[in-house]
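Since the structure comes first, as structure tokens, the remarks are kept for the end.
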Amino acid sequence: MKILVCITHVPDTTSKIAFTENNTKFDKTGVQYIIGPYDDYALARAVELKEASGGTITALNVGEADTEPTIRKALAIGADDAIRVNAFPTDALFVAKQIAKIAEENKYDLILMGRESIDFNGGQVHGMVGELLGIPSLSPVMTLDIAGTTAKMTREIEGGKEYVEAELPLVLGCQEPIAEWKIPNMRGIMSARTKPLAVVEPTSDAPAVVVEKYELPPAKSGVKMVPADNIGELVNLLKNEAKVI
Amino acid sequence: MSALVFVELDEKKAKKSSLEAVSYGKAVAGSATAIVFGEMDADQASAIGAAGASKIIHVTDAKLATPNIMAYASAIAEAMNKGGHDTLIVSKSSLGDPVSARVAIKLNAALAANVSDLPSGDVVKSSIYTGKAFANNKLNGQRRVIVIKKNAIEVKTDGGAASVETFSPATNDADFKVKVIKSEKATGDILLPEADIVVSGGRGLKGPENWGMIEDLAKTLGAATGCSKPVSDMDWRPHHEHVGQTGIKVSPTLYIAVGISGAIQHLAGVNSSKYIVVINKDPEAPFFKAADYGVVGDAFEIVPKLTEAIKAEQG
């Protein structure tokens, strides 16, 4: 089975978010970058599927040269080779077109990624890739088992889950508990240095969405403490000040 | 401008988040047409009209009665073209998100996700970095798809009656390749992403057997229940109640956190709530910094008292 795992290069979940250049650029100062946590689940499940029944895993990232350490980490975890599309990932449609082009050239059985990136949180790329390739896409997928060319999955829905079956090829957005995150071992880290990482140029598509300005949410005005023996006061505040009950 | 709004039904009623989308569509485009799939209760057309739709396109084909991402996307794209709509409004959900993505490709439309506010001119504001920031997006091209978060707008109720028109979209076998074998859904409960009030419990509750008081408080407030990641990891509560960075992101008007310390990953899932109440025995719990109201003390005493006090207030 040929598996493509698309990974994002995103700030660690504990990062302080700030912007520079008059709020037009993300401030990378002191920020540590990681494989998107949901993408990490997708990659871990791909490694398990390969261990169980063979195949190859290609890691794909749409990003500029500074994403390569993140891509090497995916190689250390278990991808066989990697592709970097040399472009800043401006918006979901642009990224989806890059992934679809690579997928059309290489015919993967399974295209896995996280349910969403943790920077833009759109959760749209898998659906767009599926539509561009004319194949089903499902997200968020919580379990994935493959028998022959049939995939059995559970997908989270509001207040529950649905059990879904479809034939490969498929595009899936993954989330826990599809697999446990894998930590690269020393052998993986050593071998990742020499695994192939191809750099390809992007398609000529223009971005569909342009961020004009970033902004931070207004700061909270500070917490009002209510003594534990005066819960009536909390009810009063919720009713008469916040007007939410 | 003219907006089409995808209205989702839940137990034959328009979801509240979809009514928000209708009001949003009307506010953005001046007029809104709703598209609805499957059987709906008799009073729903007037609810959708009151929210702002002047027309409802009702898809009644049996094949499309149950949610189908690919077929719904095809039908919506067809309705967009037929009606000459340039804007599609969808509320974020496990169905709305993937349908939006596919329609955006079919129509070559620019898409903005997680939209938290009405547009200002042609700039649309999206919540990014899991609620820690916003991006003001300019959408290029003639057509756009806007996926809104809960509470991006209040549901209006002053619209008129909507005309209802049956629509039978062209169906394509390729759109029926995914088989939903069965779905398991908590019934009767208020769904977490839809709820105006959420009551969440954390490890401070010590065990799943203590959730009764959380449920009582939620029931009294008409709220949904949520939990922190450790609680769902330990299987005290199901995963679909996990609120946080890697779980559900909620934006209710009131979020009540009981026995949750407020790790940054949990805050990421709740920071677009309008008001946050934190009840924790540790005065140093980081959650207090993100809260509007805080109570330091034993949850096992405070929560039942709070429930009683709210009941007394409600009469």
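Within region A:154-170, one or more residues are surrounded by 13 or more Cβ atoms within 10 Å (Cβ to Cβ), within 22 Å of the chain's Cα centre (by Cα) and more than 10 Å from every other protein chain (Cβ to nearest Cβ).
Here are some residues: B:Gly226, B:Gly244, B:Gly204. Which one is at pLDDT below 95 and either in contact with a strand residue (DSSP E or B) (Cβ under 7 Å, 6 or more places away or on another chain) or within 11 Å of chain A (Cβ to nearest Cβ) (or both)?
That would be B:Gly244, the only listed residue that is at pLDDT below 95 and either in contact with a strand residue (DSSP E or B) (Cβ under 7 Å, 6 or more places away or on another chain) or within 11 Å of chain A (Cβ to nearest Cβ) (or both).
Scanning region A:212-227 for residues that are closer than 29 Å to B:Gly297 by Cα, at the interface with chain B (Cβ under 8 Å from one of its Cβ atoms) and open to solvent by less than 60 Å² (accessible area, probe 1.4 Å) yields A:Val223, A:Val226.
Kindly establish whether A:Thr150 is touching a Phe, Trp or Tyr at 6+ places or on another chain (Cβ under 6 Å), more than 7 Å from chain B (Cβ to nearest Cβ) and polar (S, T, N, Q). Criteria not met by A:Thr150. The residue that is farthest from B:Glu20 (Cα to Cα), counting only those in region B:155-179 that are facing chain A (nearest Cβ under 9 Å) and assigned to a loop (DSSP other than H, G, I, E, B), is B:Lys177. Among the residues of region A:105-139, those identified as in a strand (DSSP E or B) and either under 21 Å from A:Val62 (Cβ atoms) or out of contact with any strand residue (DSSP E or B) (no Cβ under 8 Å at 6 or more places or on another chain) (or both) are A:Leu110, A:Ile111, A:Leu112, A:Met113, A:Gly114, A:Ser137, A:Ser139. Residue count for region B:278-299 satisfying the condition of being facing another protein chain (nearest Cβ under 7 Å) and within 15 Å of A:Leu234 (Cβ to Cβ): 8. Within region B:127-154, the only residue that satisfies the criterion of being assigned to a strand (DSSP E or B), open to solvent by 30 Å² or more (accessible area, probe 1.4 Å) and within 23 Å of B:Ile264 (Cα to Cα) is B:Phe134. Filtered by the rule that a residue be open to solvent by 10 Å² or more (accessible area, probe 1.4 Å) and facing chain A (nearest Cβ under 7 Å), region B:110-126 gives B:Leu111, B:Ala113, B:Asn114, B:Val123. In this structure, is A:Gly123 at the interface with another protein chain (Cβ under 7 Å from one of its Cβ atoms) and on the phi > 0 side of the Ramachandran plot? When the stated conditions are applied, A:Gly123 passes them. Mind listing just one residue for me: the one in region A:25-40 that is out of contact with any Phe, Trp or Tyr (no Cβ under 7 Å at 6 or more places or on another chain) and under 25 Å from A:Ala96 (Cβ atoms) and, of those, most open to solvent (accessible area, probe 1.4 Å)? Filtering first and then ranking leaves A:Lys28.
Can you go through B:Ser261, B:Ser228, B:Ser272 and tell me which one is in contact with a His (Cβ under 6 Å, 6 or more places away or on another chain) and either open to solvent by 40 Å² or more (accessible area, probe 1.4 Å) or within 17 Å of B:Gly204 (Cβ to Cβ) (or both)? Being in contact with a His (Cβ under 6 Å, 6 or more places away or on another chain) and either open to solvent by 40 Å² or more (accessible area, probe 1.4 Å) or within 17 Å of B:Gly204 (Cβ to Cβ) (or both) holds for just one of B:Ser261, B:Ser228, B:Ser272, which is B:Ser228.
Taking the criterion of being more than 11 Å from chain A (Cβ to nearest Cβ) and more than 15 Å from B:Cys227 (Cβ to Cβ), the only residue of region B:247-277 that qualifies is B:Ser251. Considering region B:100-109, the residues that are in contact with a Ser or Thr (Cβ under 9 Å, 6 or more places away or on another chain), open to solvent by less than 10 Å² (accessible area, probe 1.4 Å) and within 7 Å of chain A (Cβ to nearest Cβ) include one that is nearest to B:Thr246 (Cα to Cα), namely B:Ala101.
The values are calculated or read from the model by the stated rules, or taken from the named source; none is laboratory data. Keep in mind that this is a model prediction, so the values were computed, not measured. Heads up, the Cβs are rebuilt from the backbone with ideal geometry, glycines too, and the neighbour counts pull from every protein chain shown. In case anyone asks, the SASA skips ligands and DNA or RNA and just uses the protein heavy atoms, side chains included. Shrake-Rupley method; radii C 1.70, N 1.55, O 1.52, S 1.80 Å.
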